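J.: Dropping a structure here in structure tokens format, bear with me for questions.
The values are calculated or read from the model by the stated rules, or taken from the named source; none is laboratory data. The model shown is predicted, which means the values in this text are computed figures rather than measured ones. We place every Cβ from the backbone using ideal geometry, glycine too, and count neighbours over all the protein chains shown. Each accessible area value is taken on the protein alone, full model and side chains, heavy atoms only, with ligands, DNA and RNA left out. Shrake-Rupley method; radii C 1.70, N 1.55, O 1.52, S 1.80 Å.
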Amino acid sequence: MKYSKQFIVVILGILLSTVELSSQSPQTDSAINYWPTSTPEKQGFNSLELAKLFDNVKDNNIDLNSIIIIRNGHLILEAYLYPFQKNVIHDIASVTKSITSLATGIAIDKGYIKSVNEPVLGFFSDRSVAHLNENKKALTIEHLLTMTSALCRNFQEGEEQTVLMRQSGDCVQYFLDLPLVDTPGKKFVYSSLAPHILSTIITRTTGMNLLEFTQKNLFQPLGIKDVRWEAEQNGNTNGWGDLFIAPVDLAKIGYLVLNDGIWEGNRVISKEWIKRSSQPHVYEDSGTAYGYLWWLPLERLGLFEGRGRGGQRLIIWPQKNIIVILIGNGGYTLGDIGEYIARAFASDTSLPENPKAVKLLEQKINEASKAPASKPVTTLPALAKTLSGKEYFLETNSLGLLSFTMVNGTGKEDTIKMSYEGVHTVLPVGLDDVYRISNTSKYNLPAGAKGSWTSENTFCFTYNEPSNDRLLQFQIEFKSNLVELKVSERTGLFGEITIKGRMRQSQGKN
């Protein structure tokens, strides 16, 4: 998928604001505080197959951060894979849309919105509307929920619209002035703008933005204490994404939905909304349907899920009484993980106990949470010492990077200082194939960097922000007083960007 330069500039400008300090450390509770634990076998799962899942992740370098499986109300698997850490919040990307769907249902339950058949323009009667015609008048809440809004022709156009909306200075007016490309309800076309308009409608009808509304009516009733959810310049919470929540808290939301909107005996959302939003309303292709901001893979009857860039999944299968949470950082497809879960799910009834397999699974989970063994550091080239401390200024680029400096450390660690758009970041970089962890990412969340010299004049390193759903890979080639950076991003924001630069004049030859 190729994006325009303008799209990359804006998105990376948002994501690369890495030091947004927070004095509060993210905290949440373990899943065992909410669900009784069970061996997988008691709930019809095969521990040996689950153990093989962790072998696959390790052998194929799959960037899985966390996996949680709950069956029949029992926790059978909770794992956090290095460098992601337990009790830390994570960007769930477009799984956020499914949370926006729940919030819309709650707003309808409480009478703030009459029904899904309400015309969208009716919520903005105080605004002017460009390109007004019968199609625009026919646009409803349900069209926004089912991605049949006719706001865009294809996925890429829809994503770029979201960026342009944020640039516009008035997100609501940007939407109202867009011409529709077709008749609403006619065709499924994925749009991040559609759930954002739902967010603005919730703000207008409740007097609270989407974050405030869900805190009061969803998160607090479930005991979810730590969430971060960004808003655009007009104060409307981003209904399409940017929700940071801990995996165990996302599991609680899944459990609420699995139980038809009831949490600990209290109704949080109506059963009718859960049923309606998890039914097929439109078909993306022959194998996938779409509900109200939920995906419905048709090969497994009744299963529905929230999906997000980088491998985020909230999977709910009421017929089998199963919830699966997958939290990733790009670099894998659901098939890399899903086939092992599918094989592990062996029976609707209990299996014979297998203590040896359970012990092996526990061992694999424990190993996956720890840093790998340190590897020998390759001999540093002579160039490494001569350029240590030298600053390189970079040409204008879509990452917003202004300059960088490499500083040789001693033994197993170097430091890279990076400046972009007024922000300065100091990254310790492990040279022994082990991430050096620092709180350099958004919301002061942990990030890791590791790298090595791959030739006499080339240094490569990986910068991994697991909580931010972002993994950048840098190749830096030094050519006398010149430098060339090739930067790629594993979770799907862009392919590869090449940036050229020059050593500061006072430090080298012209």
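J.: Would you check which residues across segment 262-281 are in contact (Cβ under 8 Å) with a residue 60 or more places away in the chain and crowded, with 19+ Cβ neighbours inside 10 Å and list them?
T.: Answer for segment 262-281, where residues must be in contact (Cβ under 8 Å) with a residue 60 or more places away in the chain and crowded, with 19+ Cβ neighbours inside 10 Å: Val268, Ile269, Trp273, Ile274, Ser277, His281.
J.: Kindly indicate whether Tyr443 is part of a helix (DSSP H, G or I), in contact with a strand residue (DSSP E or B) (Cβ under 7 Å, 6 or more places away or on another chain) and either touching a residue at least 40 places away in the same chain (Cβ under 8 Å) or among the basic types (Lys, Arg) (or both).
T.: yes
J.: When only residues in segment 446-485 that are in a loop (DSSP other than H, G, I, E, B) and under 22 Å from the mean Cα position of the chain (by Cα) count, which is modelled with the highest pLDDT?
T.: Pro446
J.: In segment 265-306, which residues are of a type in the set (D, E, K, R) and either modelled with pLDDT under 95 or under 21 Å from the mean Cα position of the chain (by Cα) (or both)?
T.: Residues satisfying the conditions are Glu284, Asp285, Glu299, Arg300, Glu305.
J.: Pick from Ser128, Ser115: which is assigned to a loop (DSSP other than H, G, I, E, B) and farther than 20 Å from Thr206 by Cα?
T.: Ser128
J.: Going residue by residue through segment 89-101, is there one that turns out to be at negative phi, open to solvent by 10 Å² or more (accessible area, probe 1.4 Å) and outside any helix (DSSP H, G or I)?
T.: Yes - at least one qualifying residue is present in segment 89-101.
J.: Just checking, which of Ser488, Ser506 is out of contact with any Gly (no Cβ under 9 Å at 6 or more places or on another chain), open to solvent by 10 Å² or more (accessible area, probe 1.4 Å) and modelled with pLDDT under 95?
T.: On inspection, the qualifying residue turns out to be Ser506.
J.: Can you name the helices (runs of 4 or more DSSP H) wholly within segment 166-239 that have at least 2 residues being farther than 24 Å from Ala93 by Cβ and open to solvent by 20 Å² or more (accessible area, probe 1.4 Å)?
T.: Hits in segment 166-239: 171-177, 193-206.
J.: Checking the conditions here, which among Ile70, Ile108, Ile62, Ile76 is open to solvent by less than 10 Å² (accessible area, probe 1.4 Å) and either among the β-branched types (Val, Ile, Thr) or in contact with a Lys or Arg (Cβ under 6 Å, 6 or more places away or on another chain) (or both)?
T.: Exactly one of Ile70, Ile108, Ile62, Ile76 is open to solvent by less than 10 Å² (accessible area, probe 1.4 Å) and either among the β-branched types (Val, Ile, Thr) or in contact with a Lys or Arg (Cβ under 6 Å, 6 or more places away or on another chain) (or both), namely Ile70.
J.: Let me ask you something else. Can you run down the residue pairs with Cβ atoms below 7 Å, 6 or more apart or on separate chains, where the first is in segment 107-119 and without any contact (Cβ under 8 Å) to a residue 24 or more places away in the chain and the partner is open to solvent by less than 50 Å² (accessible area, probe 1.4 Å)?
T.: As it stands, the answer is Glu118/Thr140; Glu118/Ile141; Pro119/Leu139; Pro119/Thr140, since those pairs meet every condition given.
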